[in-house]
1. Here is a list: Asn117, Asn124. Which entry is touching a Lys or Arg at 6+ places or on another chain (Cβ under 7 Å) and within 29 Å of Asn59 (Cβ to Cβ)?
2. Can you name every residue in segment 31-68 that is of a type in the set (Phe, Trp, Tyr), under 16 Å from Thr120 (Cα atoms) and open to solvent by 20 Å² or more (accessible area, probe 1.4 Å)?
3. Do you know which of the residues in segment 11-30 that are at pLDDT 95 or above, open to solvent by less than 30 Å² (accessible area, probe 1.4 Å) and in a loop (DSSP other than H, G, I, E, B) is farthest from Val138 (Cα to Cα)?
4. Would you point out the residue of segment 73-101, among those that are in contact (Cβ under 8 Å) with a residue 60 or more places away in the chain and touching a strand residue (DSSP E or B) at 6+ places or on another chain (Cβ under 9 Å), that is surrounded by the fewest Cβ atoms within 10 Å (Cβ to Cβ)?
5. Which residue pairs have Cβ atoms closer than 9 Å, lie 6 or more positions apart in sequence or on different chains, and pair a first residue in segment 56-72 that is under 18 Å from Leu140 (Cα atoms) and at pLDDT below 95 with a second residue that is surrounded by 14 or more Cβ atoms within 10 Å (Cβ to Cβ) and of a type outside the set (Gly, Ala, Ser)?
6. Is segment 103-114 home to any residue that is aromatic (Phe, Trp, Tyr) and in a helix (DSSP H, G or I)?
7. Among the numbered criteria (1) of a type in the set (Asp, Glu); (2) at pLDDT 95 or above; (3) open to solvent by less than 70 Å² (accessible area, probe 1.4 Å); (4) over 15 Å from the mean Cα position of the chain (by Cα), which single criterion is violated by Glu7?
8. Assuming Val73 fulfils every condition listed in (1) within 14 Å of the chain's Cα centre (by Cα); (2) farther than 27 Å from Thr20 by Cβ; (3) among the aliphatic types (A, V, I, L, M) apart from one, which condition is it?
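The values are calculated or read from the model by the stated rules, or taken from the named source; none is laboratory data. Computed from a predicted model, the values in this text were never measured in an experiment. So basically every Cβ, Gly included, is an ideal-geometry build from the backbone, and we count neighbours across all protein chains shown. Side chains included, ligands, DNA and RNA excluded: accessible areas come from the protein's heavy atoms. Shrake-Rupley method; radii C 1.70, N 1.55, O 1.52, S 1.80 Å.
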Amino acid sequence: MSHPPSENNCYFCRVSNGETDPFIFENRSFLGVFDTNPVNPGHALIIPRRHVDSIFNLNEMEEADYFDAIRGVRSVIEETDMTYLYQNMLNRDYLHDMPKGHIETVLKLPFLGNKPNAYTIGNNDGREAGRSIDHLHVILLPRYKGDVENPKGGIRNVIPCRANYQRR
C-alpha cells in the first residue's frame, strides 16, 4: 500500500504497515504496540491504520472500533510478562541505535511484576497539546500504586499551575 507524500515519513504509518514495532492487538481500524519509550510497565499506543491526525477526524467505522481497541490492548497489557517484554525490547535490532534509558528504568521499578491498579488514557490532539507525531495515537498508560507521589487530579496536571481544585 503506498501513501501520499505527506505520509511517506510518518513513523506511525510505518508502524501500521508492520515495518517496526510488533503488533500486540489488531482490529479492522486500529492496532496496538508497546511503546519503546515506556513511562510505566505496559505503556502502550493505539494507532489507527489510516493516516489521520485527530480523534475528531475518525470516520464512523473507526469510531466504532476505538473502544474495542482500548479494551483489547488493556487485556494484552494485563496478560504480558513485563520483565520478559522489556528485556526482549532491549535486544531488538531496529532499536540498537536508540536510547534505552526508559526501558532500563522500567525494568528497575518495584511494581514491574504487578498488575496495573488503574489506567490513564490520553491523546495529545494537536501540537499545542504536546503531540510530536502528526498521526493520531492514543496512549494507554497503566498506573500503579506509588508510581507518583500524589496522583490526585490526574491529567489536569499537564497544566500544573491550574491543576489544583477543591470540591466543597
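1. Numbers: Asn117 fails: within 29 Å of Asn59 (Cβ to Cβ).
That would be Asn124, the only listed residue that is touching a Lys or Arg at 6+ places or on another chain (Cβ under 7 Å) and within 29 Å of Asn59 (Cβ to Cβ).
2. Selection gives Tyr66, Phe67.
3. Only one residue tops the list, namely Asn27.
4. Arg74
5. Close Cβ pairs satisfying both conditions: none exist.
6. Checked segment 103-114: no residue is aromatic (Phe, Trp, Tyr) and in a helix (DSSP H, G or I).
7. Result: Glu7 fails condition (2) only.
8. (2)
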